Each structure stands twice: as structure tokens, then as C-alpha cells.
Amino acid sequence: MNRFLKNREILLVVIIAIMVAGFSTRAPGFASPGNLANIFNDTSILIILALGQMTVILTKSIDLSVAANLAFTGMAVAMTNAAYPDLPLALLIVMAIGIGAFLGAINGFLVWALQIPPIVVTLGTLTIYRGMAFVLSGGGWVNAHQMTPSFLNIPRTPVLGLPILSWIAIVIVLGAWFVLTRLPFGRAAYASGGNPTAAVYAGIDIGWTRFLAFVLSGALAGLSSYLWVSRYAVAYVDIAAGFELDTVAACVIGGISIAGGIGSVAGAVLGSLFLGVIKNALPVIGISPFAQMAISGIVIVLAVVFNARAEKKAGRIILRDRAAPEVSA
Amino acid sequence: MMNAVAPTNDLAPLAAETPILEMRGISQIFPGVKALDGVSIRLYPGQVTALIGENGAGKSTLVKILTGIYRPNEGEILIDDQPISFPSAQAAIDAGVTAIHQETVLFDELTVGENIFLGHAPRTRFGTIDWRQINSRSKALMHQLESEIDPTIRLRDLSIAQRHLVAIARALSVEARIVIMDEPTAALSRKEIDDLFRIVEGLKRQGKAILFISHKFDEVYEIAENFVVFRDGRAVGQGKLKTTPQDEIVRLMVGRDVKDVFPKVTVEIGAPVLAVHGYSHPTEFRDISFELRRGEILGVYGLIGAGRSELCQSLFGITRPSTGRLTLEGQPIEIRSSSDAIRAGIVYVPEERGRHGLALPMPIFQNMSLPSLKKTSRSGFLKAANELALARKYAERLDLRAAALSVPVGTLSGGNQQKVVIGKWLATRPKVIILDEPTKGIDIGSKAAVHGFISELAAEGLSIIMVSSELPEILGMSDRVMVMREGLAAGVFERERLSAEVLVRAATGNQ
């Protein structure tokens, strides 16, 4: 599978490269290093959220509440910044991560202790968190002029040619890779999704593993909330509405199996970049904004179809496994 | 109908009658396994043909070919001397082949009638489902099976035996001339088996050809006229049961000396390691006590549903017993989860390796190291090199055949997967290893290897609990045998007193 996965990731790189090359024939400069860095920066938040989503999906769960978590936490952070401009930014970021992790822990707790299916839990908390954002803000907005300059400017400050936002995404990517491949938690996540029963038999607490995955996903949503509010310089109830589906799409395109247990950090990153390139290219090559959503949707469906076909190839291996006991029974 | 024909491995004498269905030179190849190798069989109207063979002999593969699930790589199928192929399950049904499966595939939430006619429901002239016909025909079918189950009740409200009747009714609801029964008696009591046999006699009188798969000889002799013996994917003998003694069939089935398959090594039995006192579970087993000594192989025998696996799972902390004490090497221990058991040195190699044993998408070495991650990690970080070293050690020891230790376990054959499961548990360096049906579903060559290995482990001083439904395995490998019946320990027998008869009597309660 490793070789196969690598092939798939190389394939994604090739497809993204072809797309970039194709778009640059219509829009000169699309493939320039500056524009590519821009696209990466634009996609940074999606990458961070997709990595959290991926960890949850690996354990055979799903987190539909990430965007609502982001909206609530973003509102809380922006309002705090507006009300107490003297608070240091580091504290605000810690607060964002903490609130996000707490909301993620609520999801995780409901899934773990009450054994409610993750899709039901997070569909519920999706509405609750957004509702809480409304209650918190009373439906109001926090606008750029209410935010402190450092709150707004630090993520866009360039360091070594890339904005800090991009660097944060890169650090998170490396961190996620480390957690998933070098820590027992990562192995437990793969095992819990790959075969929950076998994981239990091997002494892994899959409930706890899922709980941690949700906390991680929530914490990343919290971090993203600050990045989002700062980037768009506004906080209101509906920010990132529907963005949870983009994170799921990025994972699926990147070859993370919705059934759990299969996927890599590189896949999630490439899946996000794939979406990022399309979103950036469509306006540039002059496609009407009305058609853009439909076209992104079509591309996502195509990617999923392609994925399903690829999984079928892997399915043959599963079939062989099935055939073996059947031969014998 | 019953021509007296001498027992023979030759097809010719049987050719005197006209078969409804004939399979000629059928081969089925899976990656790494030749499940069937040039098999020929014939089924005759009004007769039952018993298909006999050990696990892994290819019986179920044959059934899957006849029901259109697999397409054979070689050979042909003839019905009434006309060559035919089954490109789909529907094609097999259309050709008049129907099967009653070992594990019945029915829907709990649907009614009896819906289950019977699912996929071929009668229609009204407007094209909608004709419920009146479904219910009346279901009733008639159930009546034919001497059962008065109401077709409108949901399947989940029925007992196992009643569900079985529904499965049979479903098989008979299509116009079938050939009925395949794949171990139909496995989950039935003696009385239910008698009922089933009456149904089979009825089918015979209607001139249907029946393929009856079982490895219970008494049943086979009771109900069948002809037999075919499969071994390692080949048909090694067929003929008339009336004139073939049971010994002959056993010889054909096993095909080698029992000694070769069960290389039992005499081991010095040491001090008690594990003692179980009064273990009980609310529903599955009651008041089980036994002692396991160093180097001992304790066989646990019983019928399906006797509570054997449940007992072992609770010793491993998967399910919790309601009462009972456990001592390991004289120290009382409590096992609340599988990680407690692993830490204490008790491990469990589950029966269904696909479902319980392995994460198929994960590489071999990661599967092997999964319960030993604490040992292979350094200050909380995974060390791939340590994991690989661990995996390599046990792969060599178990003679695991794989392209690389980094390939997913799902790419291995059944026998090699079993080796990964065993290796992964040995790597935890246990004191007690519980093997649940250790050779179920693997071919006879791998079986001998697994048995040899079990003996080796015992010789090294491990204590082994071996749950098995296969009498020869229990008889060949155990130092002592505990027989379970309906959740109770029906007796513990020393090796000297072991015989098939004693164990079966204890397991079934027929004194």
C-alpha cells in the first residue's frame, strides 16, 4: 500500500502541476513563484483544518463541527481583542487554541462516553457552536478598526519571503506528520480506524484515541479561527460557513479513506492544495462567479470518482483476504 | 433410485443414472491459492450427495461457483447435459440452483415474507408488490416446512432455528431443481436436525438434487446416498455411501497419518501458572474453574454456542465476568481490559483474524508491533527500527512468506496472516497464550506447521489454552481437555482418558 499511496500522492502532484500549467496558458503569471506562494498562503487555513479532519477520519469518525468551532472561537477571540486591546497576542492565540480544543473535547466526549455516532454528534454541535457564536456576538460584527494592528498584521508579516501564516501551516504540517508517524497516538489512530476490534484486542483504547483526535481537530480549528479572523479582518456569525465540507473534500481528494485507517499527511496537504489551486484559478481565467461553485463541485466529484476507482484497486487485496477464509470455510 | 454400486473413486459406475447437474474439471484460482483443482462432480435427481472435506478443502468455493458468485478459471458446468455458465447470482437462480448458506443472510428488520421474496417479489398487474401473494405463498412454504410462522412478523423476533427455516423457505421460493445445503445443521439441536431431515426427504421425493455439505459423519450416513470427498481443492473420492465404510471416508478426507498433522511433543508439565475460580458471566458461562500449568496445552472443546470463546474473551478482558477470581503464578490478578491482560502476560489469538486480529491496511511490521509498542518505543516516540527488528525476529521464527515487512497485511494469504497474528502476540512475551480455533480456515499444510509451532511453544514453557471445534485437533494436541456445554464445564479429561466418543458425549450431553 505504501508504494501505491506514494504513487497516488505523486499522481496528485502531477495533476496539480498540469492544472497550474494549464491555467498559466490562460492567465500569464499564474505559475510565477509569487503567485504560487500566494496560493499556498491562501490555502494555509484549509491545510491546517484538513490535517485535524484527517486525524479524526483516520479513527473512523468525522468532524463536521470544525467550521462552526472556528466561527465561535474566532468571534470570542476578536471580541476579546476589541475589548481588551492590551492583552498580548500570544495569550489570545493560546486562548483560541484552548477554546477550540475544549469544543473538540465536547465532541470527543460525546462520541467516546455516550457512544453516539460522530456524524450525529458533530452535526449537532455544528449548529450549537454557530448558535453560540450568535449568542456571544448578538449577531454583531467585529470589524477591522476594532482590532489591534498586531492582531491583524502579524500573520501577514513576511519572513524569508513567506508570510507568517504560511510558516504556521508548514509547522503544523510537520507537527502532524510527526504526531501521526512518530507517536503511539498516531499509530493508535490508524489502528482504531483500520480495524477497531483488532485495536481493542491489541490493548488500544479506541474511545480515548477518538477523543484525542477530536481534541486535536478542535485545537487546530481554534488556531485557524484566529488566522481566519486576522486574514479577513472581520468576525461575524457566518464566517467559514460550509467550510467543514471543504476540509472533508480535501481529505477525500488526498486519498484519506472515509472508512478510516488509510491516509497520509502528504495526501491531506495535496488535497487541500488541489482545492486551493482551483479556487484561485477560476476567477483568474475569467469564469463567472456564478459558475465557480458549480465547477469546484464538479471537480471534487471527479476527484472522488477517481479515488473510488483507485480504492477499488486496493479492494482487490481485501477481496483476496475475503477469498482466503471462504476458500476454507 | 438406489442402485447398488461398489465404492470407487471412478465416475463411470455412477454414470448409469442421468445427473441433473454436472461439473467437469472445475478449477478456481485465487492469488496465492488454488482453491479448486480440476474438480468433477455430479448431482442426481431425488438423491442427496454429501460433500465431505476438512476446512479449507474447497467446499465453500464450490458452492460459490454453483451460486454464481465466483466464476471458475477452468472447467464447465452442465445442466441436463447442456453447458451453462453463471455470470451472476441471478443466472444461477434462473438455472434452478438455490443454496441454503451456512450463515444465513437474512434481514432482521424485514418480515418473514419480505425475507423470503426479497429480490423476486410477486407483482400485481400494476407492477406494485403483491403483498397478499407474498403472505399467502410464504404461509404455504412455511407450511410445507411443517412450521406455522406468521409471514408478517419481523425476523428479529424469531429464534435461530426459526430463522433457519425462513432461509430454507427462501431457497425453496424459487423454482429450484438443485438445492445446496452448506452445513445446514451447524447451529441446530438434534430435534431441529430431525425436522430438517424430514424436509430433505420431502425434497428428495419431489425429485430435487441435493448437495449436502457437512463434516458430521452420522448425519451424512443418515441422509445422503452419494458422497464426494474433497481434500486440498481436489475431489479425492466419490461413490455410494451404502457400500463405503466410514474409515474409508476418513482416510480419503485426511489423506495422511494423523501423527503428521499433530506433531505432539511430550513436555514436562510444570507448576500451575493460571488458576481460574468460579468464573461466571451473566449470560454466556457459569462457574468455570480450571488450572493451567507450565508447558501444558489445555484443549477447550464444545459445540458452537457453548461459551468457549466468550470465556476466553473474558480471560483477556474484552468482556467482563460477573464473578470469579483469577490467579497468575500464585498472585491474584484482576483483568479489566485487554491492556491489563497483555501486561499480565495473557494474550488471545482470536478466531476471526480478519475481524479481530489484524488491521489489514497497515504494514506487517506495524501489525506485529501493535501490542508491544511500549517496548519498541523510546521515551514515548515510536522507533521504526525497533519495530522492524521485532517483526523480523518473529517473521523468521514463523517462516512468514512476504515480499517485505512493510507491505500491508491484507496482501498476504490466509495462512501467512495467521502467522502475523500469532507473531504479534508472541512478541509480547506472554506466559499464557489463548488460541481460539488456531487452524480454522487454513490449508492442511499450514495446519501441520501451526501445530508443530504450538508444540514448540509448550516445550518452551508457555501455557496454552486451545479452543477448537475440530476433534482430531483437540485429541491430537491437548494434554488435558475441558469440555463446555451450554456455558458450563461439562468435564475435564486427562490425555489418557481422551477419546472422540467421551468428548462428544460430554459436549452434547448424551450419556
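Rule-based calculations on the coordinates, nothing more; no lab input. What you see is a predicted model, and the numbers here were worked out from it, not measured in a lab. With ideal geometry, Cβ positions are generated from the backbone for all residues, glycine too; neighbour counts draw on all protein chains shown.
Helix content alone sets the calculated 222 nm mean residue ellipticity of chain A: runs of n ≥ 4 DSSP H residues at -39500 (n - 2.57) each, divided across all residues, give -26500 deg cm²/dmol. Each of B:I364, A:I287 has some number of other Cβ atoms within 10 Å of its Cβ, and from fewest to most they run A:I287, B:I364. Extent of segment B:75-136 along its three principal axes (Cα atoms, max minus min coordinate, largest first): 42, 33, 19 Å. Put simply, the amide H of A:T148, placed in the peptide plane, has no neighbours under 5 Å, leaving out anything fewer than 5 places away on its chain. The H on the amide N of B:E296, modeled in the peptide plane, is under 5 Å from the matching H of B:G270, B:I464, each at least 5 residues off or on a different chain. Ordering A:T157, B:Q90, A:L64 by Cα displacement along the dipole of the protein assembly as shown toward the positive end leaves A:T157 in first place; charges were set at the Cβ atoms of Lys, Arg (+1) and Asp, Glu (-1). With neighbours defined as other Cβ atoms within 10 Å of a residue's Cβ, the residues A:W141, A:W177, B:W425 order from fewest to most as A:W141, A:W177, B:W425. Taking the Cα centre of segment B:108-174 as origin and assigning +1 to Lys and Arg Cβ atoms and -1 to Asp and Glu Cβ atoms, the resulting dipole is close to 280 debye. For the protein assembly as shown, the equivalent ellipsoid derived from the alpha-carbon gyration tensor has semi-axes of 57, 34, 26 Å in decreasing order. Under a 5 Å amide H cut-off, with hydrogens placed 1.01 Å from N, B:A50 pairs with B:F212, B:E225, B:N226, B:F227, B:V228 among residues at least 5 apart or on other chains. Apply the a/c threshold of 1.5 to the C-alpha gyration tensor of chain B and tell me whether it is rounded, prolate or oblate. Prolate shape, in that a/c is at least 1.5 and a/b is the bigger ratio. Along segment B:367-375 the Karplus relation, 6.51 cos²θ - 1.76 cosθ + 1.60 evaluated at θ = phi - 60°, assigns HN-Hα couplings of 5, 5, 8, 3, x, 10, 4, 4, 6 Hz to successive residues, with x for each Gly and Pro.
Other protein chain C-beta atoms within 10 Å of residue C-beta, averaged over A:176-183: 2.
Taking other Cβ atoms within 10 Å as a rough exposure proxy, B:S455, A:S272, B:S88 sort from fewest to most as B:S88, B:S455, A:S272. Taking a ≥ b ≥ c as the square roots of the eigenvalues of the Cα gyration tensor, chain A is oblate, since a/c reaches 1.5 or more and a/b is not larger than b/c. Extents of segment B:358-429, taken as max minus min of Cα coordinates on every principal axis and listed largest first, are 36, 23, 17 Å.
Shielding value for A:201-210 is 6, the average number of Cβ atoms from other chains within 10 Å of each residue's Cβ.
For segment B:114-192 versus segment A:72-125, the inter-centroid distance based on Cα atoms is 54 Å. By its C-alpha gyration tensor, with a ≥ b ≥ c as the square roots of the eigenvalues, how is segment B:127-216 shaped: rounded for a/c under 1.5, else prolate for a/b larger than b/c, else oblate? The shape class here is oblate. Of the options B:P245, B:G302, B:F217, report the single residue whose Cα projects farthest towards the positive end of the charge dipole of segment B:210-303 (beta-carbon charges: Lys, Arg +1; Asp, Glu -1). Toward the positive end, the furthest listed residue is B:P245. Here segment B:295-323 is scanned for amide nitrogen atoms under 20 Å from the site 7 Å beyond the Cα of B:E486 along Cα-to-Cβ, giving B:301-311. Note that segment B:480-489 has calculated 3J(HN,Hα) couplings of 9, 10, 9, 9, 10, 9, 6, x, 10, 7 Hz, one per residue in order, obtained from phi through the Karplus relation 6.51 cos²θ - 1.76 cosθ + 1.60 (θ = phi - 60°); glycine and proline are x.
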